[in-house]
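Peer 1: Before anything else, here's the structure in question.
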Amino acid sequence: MDTTAAPSLAMTQMYLYHSVAAPQDEIEEAWEQNQAMLSEGGWKKVGAGRFELGDLRVHMIRVEEHPEDLRAGRRLPADYEVIDTVFTSVNCFPPPGGRSAAGRGRS
């Protein structure tokens, strides 16, 4: 009996979406820190706001007004911005709609 093998979990298609709104100065600091941490963690920059690590991808954008908020009639306070971040595994395509605006803002 093999007692050294640890159980494992494999996710063959994964995506994680995160959106945060904050004052512009905090968004600027978070934007720079996020990109630095990805680079320091071995992620390869492959485009504006885009990184890869193995079979994982991340795409980050910044927007002053999130399209989903605009559609819902919500407004952020003055001088606020949003960072949307989408982590995906290769060959995984998040469903359309929802909050994800990857590709629609500043990268």
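Peer 1: Condition (residue is in contact with a His (Cβ under 6 Å, 6 or more places away or on another chain) and β-branched (Val, Ile, Thr)) applied to region 27-34: is it met by at least one residue?
Peer 2: Initially, region 27-34 is screened for residues in contact with a His (Cβ under 6 Å, 6 or more places away or on another chain), giving none.
The answer is no, given that none of the residues of region 27-34 is in contact with a His (Cβ under 6 Å, 6 or more places away or on another chain) and β-branched (Val, Ile, Thr).
Peer 1: Count, please, the residues in region 29-80 that happen to be open to solvent by 90 Å² or more (accessible area, probe 1.4 Å), under 29 Å from THR12 (Cα atoms), among the basic types (Lys, Arg) and without any contact (Cβ under 8 Å) to a residue 40 or more places away in the chain.
Peer 2: Residues flagged as open to solvent by 90 Å² or more (accessible area, probe 1.4 Å), under 29 Å from THR12 (Cα atoms), among the basic types (Lys, Arg) and without any contact (Cβ under 8 Å) to a residue 40 or more places away in the chain within region 29-80 amount to 2.
Peer 1: Please determine whether any residue of region 62-72 is in a strand (DSSP E or B), more than 24 Å from ALA22 (Cβ to Cβ) and among the basic types (Lys, Arg). Before the answer, list the steps.
Peer 2: Going residue by residue through region 62-72, those that are in a strand (DSSP E or B) are 62-63.
Okay, now just the ones that are also more than 24 Å from ALA22 (Cβ to Cβ), so none.
Within region 62-72, none of the residues are in a strand (DSSP E or B), more than 24 Å from ALA22 (Cβ to Cβ) and among the basic types (Lys, Arg).
Peer 1: Within region 7-50, track down each residue that is within 28 Å of LEU76 (Cα to Cα), part of a strand (DSSP E or B) and hydrophobic (A, V, I, L, M, F, W, C).
Peer 2: Within region 7-50, LEU16, VAL20, ALA21, ALA22 qualify.
The values are calculated or read from the model by the stated rules, or taken from the named source; none is laboratory data. The shown structure was predicted, so the numbers you read here are calculated from the model rather than taken from an experiment. Cβ sites come from the backbone with ideal geometry, for glycine too, and all protein chains shown count toward neighbours. Ligands, DNA and RNA are stripped out before the accessible areas are found, and what is left, the full protein with its side chains, is counted by its heavy atoms. Shrake-Rupley method; radii C 1.70, N 1.55, O 1.52, S 1.80 Å.
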